[in-house]
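Q: This is the structure I want to talk about, given as structure tokens.
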Amino acid sequence: MKILLASSEVHPFSKTGGLADMVGALGKALAAAGHEVAIVTPLYRGIRGRFTDIKPTDLRLDVPLGDTRVSAGVSELRLNQRLTVYFVDQPGYFDRLALYGENNTDYPDNPQRFIFFSKAVVQLAHLQPFGPFDIVHLHDWQVGLVPVLLRHEAHRTGWRAPRSVLTIHNLAYQGGFMGSTFAFTNLPLDYFAPTGVEFYKNLNCLKAAIIYSDFLTTVSPRYAREICTEAYGCGLDPVLRARQGRLVGILNGVDYDEWNTHRNLHLRHPYSFRKMAGKAASKADLQRELGLPVRADVPLFATVTRLADQKGMDILLAALEEMLATDMQFVILGSGDPNLQRGYQNLSRRYPTKAIARIGYDHALSHRIEAGCDFFLMPSRFEPCGLNQMYSLRYGAIPIVRRTGGLDDSVVDLTEDDTLADGIKFTDFTSRALAGAIRKAHVLYRTPELFAQMRKNAMTADFSWGRTTAEYEKVYQRALA
Ligand code: ADP
Ligand code: GLC
């Protein structure tokens, strides 16, 4: 099949979260399975400097945007015979300090930026040099208007447009903008209706994608069920329920070329479940690097995360207030909500030998933390898939997770299966329940045989892309049928 993946972030070029990892890995996996794959994404500041093989093409995009026109270049990077990345080069929109906003505030012209990008994707689907695509696979709201734009274009010109598949990585981000921004789509006003792209008088890009895509997926089976309920539906549950027959949950895979403990340029001490000395050395290194007492006998808890409402960092802060009285160490790497940043910095000032807060984004440090910690905390309010718990498993860091979304689908608790158990789960979204789970981790840490068994289970759990790729192939077939 010829498949075009469209995403506003793609690892290793740009990333704010798991979306980038997933799309980068999906592209590689589909190409390895024999498909012809193109990925389209914005050319943000700094990408060209880091990837000097990126070359401009002769392609020129010229996009109507309300009553103006915006033009853009297209650069390309051929990653292998079957995988090419196209970068939309529109410096006014994308040559900026950040992807979506600065100082925790979105760029005010995000509607223009991503309506433009969605239109660029549609033009590229026309212009692309290697023949018509069978499937355009969209990721999240930033490209949510693509299916309706494709449909309108097909209707207007008789073009046999590719089929569209939407993957919802996070229902909480919908690209909802004031109704007046609908004008940037240049679509007939009929589409701006409750049965179309309108949602309570606003333009809603994700809703548009849910309605107009040929097929829908989300990133874990449990989240696929959750988003059809009022509790997790973020207002769109009725729209999703109406399309439930065309919605499946597919758990993300892990790119083990990148996330492994034996051949990893970020780690000084390779290790495996048979030779765990490197894990102990990684822990000592991490304690030294962070200025914590270098002790093997104390459990080290960690998390690496966006500091967003979703991640449950508020209940973690409260749980730590209680638990830091025990003999434990804790490190957080993250950035986002200024209140949470301050909260964790204060905690670290009060417990300088126990709690460390690193505010910022640091890819290499995230690998060292996974390798160095004993327990990885993900107390999410909701979690579409979550990649860090799967990375933690491979790094032999026992994940402590709330029973929701992909966290529930990827971690096995002792109460579920004591021979396969590889993590600790809790149910209620409260600091009390989380503190209870941390207490269980303390007990586990003092029960070496069980701890070793669970680590082995964790490190041998397999989330490689093969199974995930096969499930996407089935979805593409269904979209084409
Ligand atoms: P989400 O996409 O909701 O943020 P995931 O668990 O799917 O959650 O993916 C998060 C990804 O982003 C992981 O690869 C994680 O390591 C990375 N990440 C998040 N915050 C940081 C940070 N401050 N520094 C480095 N990597 C981070
Ligand atoms: C989103 C979700 C996260 C998921 C990632 C990749 O950012 O919040 O749970 O793992 O997308 O699909």
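The values are calculated or read from the model by the stated rules, or taken from the named source; none is laboratory data. It should be emphasised that the depicted structure is a prediction, and the values quoted were computed from it without experimental measurement. Here Cβ is always computed from backbone atoms with ideal geometry, including for glycine, and neighbour counts include all displayed protein chains. Note: areas computed on protein heavy atoms with side chains; ligands, DNA, RNA excluded. Shrake-Rupley method; radii C 1.70, N 1.55, O 1.52, S 1.80 Å.
Q: Exceeding 30 Å between C-alpha atoms, which entries from my cross-link table qualify? They are LYS207/LYS425; LYS55/LYS283; LYS207/LYS474; LYS207/LYS440.
A: Over 30 Å apart, Cα to Cα: LYS207/LYS425; LYS55/LYS283; LYS207/LYS440.
Q: Give the accessible surface of the chain per residue, rounded to a whole number of Å², with probe radius 1.4 Å and ligands, DNA and RNA excluded.
A: Accessible surface, normalised per residue, equals 40 Å².
Q: Right, next: Considering only C-alpha atoms, what is the centroid distance from segment 421-471 to segment 111-188, in Å?
A: 39 Å
Q: Any idea what the dipole of segment 108-242 comes to, in debye rounded to 20, about its Cα centre with Lys/Arg Cβ at +1 and Asp/Glu Cβ at -1?
A: Here segment 108-242 has a charge dipole of around 140 debye.
Q: For segment 277-463, which whole-number percentage of the solvent-accessible area (1.4 Å probe, protein heavy atoms only) is attributable to carbon and sulfur atoms?
A: 53 percent
Q: Further, regarding this structure: Using a 1.4 Å probe on the protein chains only, how many percent of the accessible area of segment 37-121 belongs to carbon and sulfur?
A: Carbon plus sulfur share of accessible area: 47 percent.
Q: Now, a different point. Using alpha-carbon pairs under 8 Å, 6+ residues apart, how would you state the relative contact order of segment 335-402 in percent?
A: So the answer I get is 27 percent.
Q: Starting from the alpha-carbon convex hull of the chain, give the projected area averaged over all orientations, in nm².
A: 21.9 nm²
Q: Next question, about the same structure. Please state the charge dipole magnitude for segment 277-463, taken about the Cα centre, from unit charges on C-beta atoms (+1 on K and R, -1 on D and E), reported in debye and rounded to the nearest 20.
A: It comes to approximately 600 debye.
Q: Also, I was wondering about something else. Which of the helices in the chain meet the span-like rule: DSSP H, Cα axial reach of 30 Å or more, Kyte-Doolittle mean at least 0.5?
A: none
Q: Relative contact order for segment 277-463: what percent, with Cα pairs under 8 Å and sequence separation of 6 or more?
A: It comes to 21 percent, rounded to a whole number.
Q: Using a Cα-Cα cut-off of under 12 Å, which aspartates and glutamates could be cross-linked to LYS354, ignoring same-chain neighbours fewer than 8 residues away?
A: GLU321, ASP327
Q: Here is a further query. To the nearest 20 Debye, how big is the dipole of the chain about its Cα centre, given +1 on the beta carbon of each Lys and Arg and -1 on that of each Asp and Glu?
A: 580 debye
Q: Within a Cβ distance under 13 Å of ALA193, other residues only, what is the Lys/Arg minus Asp/Glu net charge?
A: Its environment carries a net charge of 0.
Q: So for each of 266-276, 51-61 I average, over its residues, the number of other beta carbons within 10 Å; can you give me the resulting order with the highest mean first?
A: My ranking of the peptides, most packed first, is 266-276, 51-61.
Q: Here's another thing I want to ask about it. At a 10 angstrom cut-off on C-beta neighbours, averaged per residue, how do the peptides 215-228, 283-296, 154-167, 133-146 rank from highest to lowest?
A: 133-146, 215-228, 154-167, 283-296
Q: Could you compute Rg(Cα) / (2.2 N^0.38 Å) for segment 277-463, with N its residue count?
A: 0.92
Q: Related question: What 222 nm value per residue comes from the helices of the chain, counting each DSSP H run with n ≥ 4 as -39,500 (n - 2.57) and dividing by all residues, nearest 500 deg cm²/dmol?
A: Computed mean residue ellipticity for the chain: -11000 deg cm²/dmol.
Q: Using θ = phi - 60° and the Karplus relation 6.51 cos²θ - 1.76 cosθ + 1.60, list the HN-Hα couplings for segment 39-46 in order, rounded to whole Hz, with x at every Gly or Pro.
A: Rounded to whole hertz, the list is 10, 10, 7, x, 8, 7, 4, x.
Q: Given H placed 1.01 Å from N in the peptide plane, which residues other than close sequence neighbours of SER220 have an amide H under 5 Å from its amide H?
A: Excluding prolines and chain starts, which carry no amide H, the hits are ILE250.
Q: Still on this structure, please answer the following. How high is the relative contact order of the chain? Use alpha-carbon pairs under 8 Å, at least six apart in sequence, and give a whole percent.
A: Relative contact order of the chain: 12 percent.
Q: Quickly rank 190-197, 418-425 as a protection proxy: mean count of other C-beta atoms within 10 Å, highest first.
A: Packing order, densest peptide first, comes out as 418-425, 190-197.
Q: Still on this structure, I have one more. Residue by residue through segment 374-387, what is 3J(HN,Hα) from phi via Karplus (6.51 cos²θ - 1.76 cosθ + 1.60, θ = phi - 60°)? Round to whole Hz and write x for glycine and proline.
A: In residue order, the calculated couplings are 8, 10, 10, 9, 9, x, 4, 4, 9, 8, x, 10, x, 9 Hz.
Q: Further question on the same structure: Positive end of the charge dipole of the chain (Lys, Arg +1 and Asp, Glu -1 on Cβ, about the Cα centre): tell me which of ILE359, SER8, VAL122 has its Cα farthest that way.
A: It is ILE359.
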